[in-house]
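Data first, discussion second: the structure below is written as structure tokens.
The values are calculated or read from the model by the stated rules, or taken from the named source; none is laboratory data. Here the structure is a predicted model, which is why all the values come from computation and not from measurement. Every residue, glycine among them, receives a Cβ derived from its backbone with ideal geometry; neighbour counts consider all protein chains shown. The protein model used for the area step is the full one, side chains on, heavy atoms only, and it has no ligands, DNA or RNA in it. Shrake-Rupley method; radii C 1.70, N 1.55, O 1.52, S 1.80 Å.
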Amino acid sequence: MASDWRDAIETQREQKDQYFGEHPHSPLSPDERESFDGLEYYPIDEDYRFELSLEEYDDPERITVGTSTDGEQEYLEWGEFQFTVDGEDVTLQAYKSEPDDDRLWVPFRDATSGDKTYGAGRYLDLEVDSHRTSDGDWILDFNEAYNPTCAYSDQYECPLPPMENWLEVPIEAGEKNYGDH
């Protein structure tokens with residue numbers, strides 16, 4: 001089983017690189033696509049993969065999140081994950097766009113943001129089919145952390161991680177910074 005999740009992440013990365021380098025809807029400009037030779041990632045590390053229960057809130061609060069273009073978007077603060085990274089206890093909020101959504105959105109910044117990773121933060125998308133265990137826990141795998149589209153082009157508007165999801169610890173997993181965006 002251990003190699004299955006690693007293989008799945010490698011495949012995701014290969015597919016994303018192919019999409020970014022070849023697809024006309026890639027967030028990269030045609031000139032960038034011509035010279036594109038892949039995104040940079042941290043090595044896959046089991047220490048950044050967690051199986052956690054989500055402490056769901058009884059009455060999820062609707063919050064307003066700022067965007068990369070000074071706009072705003074609304075999300076429901078659905079619950080929180082509590083876990084330990086490098087000996088430090090951390091908490092991350094999970095969000096939904098609508099109560100009926102099956103997926104959770106976990107945006108975050110960490111001590112690598114603005115240095116080795118995108119300054120505005122990265123995202124994790126948690127899907128019921130692929131990120132739930134048989135006992136109902138969620139798989140929070142930072143090896144899957146990715147940059148929002150605004151990391152590749154200023155023409156995109158991306159929601160920014162709320163301050164409560166700014167971690168002081170480094171998350172040295174997932175996608176690294178790209179270019180000058």
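About its Cα centre, what dipole magnitude does region 117-170 give when the only charges are +1 on Lys and Arg Cβ and -1 on Asp and Glu Cβ, stated in debye to the nearest 20? Spell out each step's value before the answer.
Numbers: 2 positive and 11 negative charges, 35 e Å.
Dipole about the Cα centre, nearest 20: 160 debye.
Rounded, prolate or oblate, given the Cα gyration tensor of region 43-181, with a/c below 1.5 counting as rounded?
Because a/c hits 1.5 or more and a/b fails to exceed b/c, region 43-181 counts as oblate.
Once ligands and nucleic acids are excluded and a 1.4 Å probe is used, how much of C150 is accessible, expressed in Å² to the nearest 10?
Number for this one is 10 Å².
Can you tell me how much longer the chain between S53 and D115 gets when fully stretched, taken as 0.36 nm per residue apart minus their C-alpha distance, in nm with one decimal?
That pair, S53 and D115, stretches by 19.2 nm at full extension.
Describe numerically, in nm with one decimal, the distance between label points set 7 Å from Cα along Cα→Cβ at R62 and at V128.
With each label point 7 Å from Cα toward Cβ, the separation is 2.3 nm.
Treating cross-link reach as a plain straight distance, find the lysines whose alpha-carbon is under 17 Å from the alpha-carbon of K116, omitting any fewer than eight places away in the same chain.
K176
Nearest 10 degrees is fine. How inclined is helix 2-22 to the longest principal axis of the chain, computing both from alpha carbons?
So the inclination is approximately 40 degrees.
As I understand it, the dipole of the chain uses +1 on the Cβ of Lys and Arg and -1 on the Cβ of Asp and Glu, about the Cα centre. Which of L52, Y146, L39 lies farthest toward its positive end?
Value computed over the given set: L39.
At 7 Å along Cα-to-Cβ for each site, give me the label-to-label distance between Y19 and R103 in nm.
With each label placed 7 Å out from Cα toward Cβ, I get 0.9 nm.
With runs of 4+ DSSP H residues as the only contributors, calculate the mean residue ellipticity of the chain at 222 nm using -39,500 (n - 2.57) per run, divided by the residue total and rounded to the nearest 500.
Value at 222 nm, helices only, nearest 500: -5000 deg cm²/dmol.
Counting Lys and Arg as +1 and Asp and Glu as -1, each charge on the Cβ, what is the dipole of the chain about the Cα centre in debye, to the nearest 20?
Charge dipole, the chain, about its Cα centre: 440 debye, nearest 20.
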